[in-house]
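Since the structure comes first, as structure tokens, the remarks are kept for the end.
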Amino acid sequence: EPEVTQTPSHQVTQMGQEVILRCVPISNHLYFYWYRQILGQKVEFLVSFYNNEISEKSEIFDDQFSVERPDGSNFTLKIRSTKLEDSAMYFCASSEGQGFYEQYFGPGTRLTVT
Amino acid sequence: KNEVEQSPQNLTAQEGEFITINCSYSVGISALHWLQQHPGGGIVSLFMLSSGKKKHGRLIATINIQEKHSSLHITASHPRDSAVYICAVKSVEYGNKLVFGAGTILRVKS
């Protein structure tokens with residue numbers, strides 16, 4: 001069964017460093033998402049991406065964040081200058097369409113900023 | 001006020017018990033998702049529904065659109081059902097994004 005994959009599973013970085021989290025969505029899916037979950041808190045939406053552009057973003061998704069689909073298979077989330085409060089689990093998801101379409105989640109990347 | 005409220009926050013059950021987890025939301029929705037999150041952190045989609053009832057194995061999800069309420073039932077619970085169960089809704093008011101509840105931590109004891 002097709003699945004969403006994410007790498008790395010765990011990333012440790014120092015404050016101020018740039019990190020890139022990578023996702024490979026399911027191949028025939030058109031909509032891509034990033035969510036994050038700070039330890040002990042609920043999952044929060046960051047950004048959605050369709051047709052090579054951001055379709056929606058939350059107030060969390062400020063200028064230090066960016067997303068890209070560089071090569072038609074990968075979908076990346078870049079955090080330019082990490083802060084301690086960026087430590088969280090980051091989930092990628094993809095779906096075939098909008099509306100009543102299921103979103104399939106990747107296993108997550110645990111980001112630890114020290 | 002939270003857009004998606006789940007109850008209970010924590011639930012401990014004995015193996016074999018029938019379990020119900022509730023989800024209430026405040027806006028009209030296009031879809032409601034029930035998700036399962038295991039201790040390792042990964043999220044698995046259990047159900048997506050917009051009306052009525054769905055069943056998969058020992059899991060049943062129901063939704064009442066008028067009352068803005070959904071329930072997830074687990075019959076004949078087993079220790080392997082221990083996980084966090086999360087309700088998430090999609091609404092035109094929120095765009096295409098999912099808005100998540102805080103989750104219900106379920107522990108099934110043998």
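Which residue, of A:Gln98, A:Gln17, A:Gln64, is within 14 Å of another protein chain (Cβ to nearest Cβ) and either surrounded by fewer than 20 Cβ atoms within 10 Å (Cβ to Cβ) or of a type in the set (A, V, I, L, M, F, W, C) (or both)? First the steps, then the outcome.
Values: A:Gln17 fails: within 14 Å of another protein chain (Cβ to nearest Cβ); A:Gln64 fails: within 14 Å of another protein chain (Cβ to nearest Cβ).
Going through A:Gln98, A:Gln17, A:Gln64 in turn, the sole match is A:Gln98.
Taking the options A:Thr76, A:Thr82, A:Thr112, name whichever one is more than 12 Å from every other protein chain (Cβ to nearest Cβ), in contact (Cβ under 8 Å) with a residue 60 or more places away in the chain and not in a loop (DSSP other than H, G, I, E, B). First the steps, then the outcome.
On the way: A:Thr76 fails: in contact (Cβ under 8 Å) with a residue 60 or more places away in the chain; A:Thr82 fails: not in a loop (DSSP other than H, G, I, E, B).
Testing whether each residue is more than 12 Å from every other protein chain (Cβ to nearest Cβ), in contact (Cβ under 8 Å) with a residue 60 or more places away in the chain and not in a loop (DSSP other than H, G, I, E, B) leaves just A:Thr112.
Test A:Ser58 against the criterion of being in contact (Cβ under 8 Å) with a residue 12 or more places away in the chain, within 14 Å of chain B (Cβ to nearest Cβ), small (Gly, Ala, Ser) and surrounded by fewer than 19 Cβ atoms within 10 Å (Cβ to Cβ), and give yes or no.
On the way: in contact (Cβ under 8 Å) with a residue 12 or more places away in the chain: yes; within 14 Å of chain B (Cβ to nearest Cβ): yes; small (Gly, Ala, Ser): yes; surrounded by fewer than 19 Cβ atoms within 10 Å (Cβ to Cβ): yes.
Criteria met by A:Ser58.
So which of B:Leu98, B:Leu32 ends up being surrounded by 15 or more Cβ atoms within 10 Å (Cβ to Cβ), under 16 Å from A:Ser95 (Cβ atoms), more than 10 Å from chain A (Cβ to nearest Cβ) and in contact (Cβ under 8 Å) with a residue 40 or more places away in the chain?
Working: B:Leu98 fails: more than 10 Å from chain A (Cβ to nearest Cβ).
None of the other options fit; the residue is B:Leu32.
Tell me, which strands (runs of 3 or more DSSP E) lie completely within the stretch B:21-86 with 2 or more residues that are of a type in the set (Gly, Ala, Ser)? Show your work before the answer.
Numbers: elements: B:31-37, B:43-49, B:52-56, B:59-64, B:69-74.
Counting at least 2 such residues, we get B:69-74.
Could you say which residue among A:Gln37, A:Gln103 is within 12 Å of chain B (Cβ to nearest Cβ), at pLDDT 95 or above and surrounded by 21 or more Cβ atoms within 10 Å (Cβ to Cβ)? Don't jump to the end; show me each part of the working.
Numbers: A:Gln103 fails: at pLDDT 95 or above.
After applying the criteria, what remains is A:Gln37.
Hey, B:Phe18 hits all of (1) farther than 23 Å from B:Ser110 by Cα; (2) over 12 Å from the mean Cα position of the chain (by Cα) but one; which does it fall short on?
Only one criterion is unmet by B:Phe18, namely (1).
Please verify whether the stretch B:10-21 includes one or more residues that are within 14 Å of another protein chain (Cβ to nearest Cβ), surrounded by 13 or more Cβ atoms within 10 Å (Cβ to Cβ) and at pLDDT 95 or above. So that I can check it myself, show each step before the final result.
Quick first cut of the stretch B:10-21, residues within 14 Å of another protein chain (Cβ to nearest Cβ) only: B:10.
Checking which are surrounded by 13 or more Cβ atoms within 10 Å (Cβ to Cβ) leaves us with none.
The answer is no, given that none of the residues of the stretch B:10-21 is within 14 Å of another protein chain (Cβ to nearest Cβ), surrounded by 13 or more Cβ atoms within 10 Å (Cβ to Cβ) and at pLDDT 95 or above.
For the stretch A:40-55, what are the residues that are in contact with a Ser or Thr (Cβ under 9 Å, 6 or more places away or on another chain), at the interface with chain B (Cβ under 8 Å from one of its Cβ atoms) and either without any contact (Cβ under 8 Å) to a residue 24 or more places away in the chain or not in a strand (DSSP E or B) (or both)? Talk me through it step by step, then tell me what you get.
Step one: filter the stretch A:40-55 for residues in contact with a Ser or Thr (Cβ under 9 Å, 6 or more places away or on another chain), giving A:44-49, A:54-55.
Retained after the next criterion (residues that are at the interface with chain B (Cβ under 8 Å from one of its Cβ atoms)): A:44-45, A:48, A:55.
A:Glu44, A:Phe45, A:Ser48, listed by residue number.
The values are calculated or read from the model by the stated rules, or taken from the named source; none is laboratory data. Small disclaimer: the values here were computed from a predicted structure and weren't measured. No Cβ is skipped: glycine too gets one built from the backbone with ideal geometry, and neighbour counts run over all protein chains shown.
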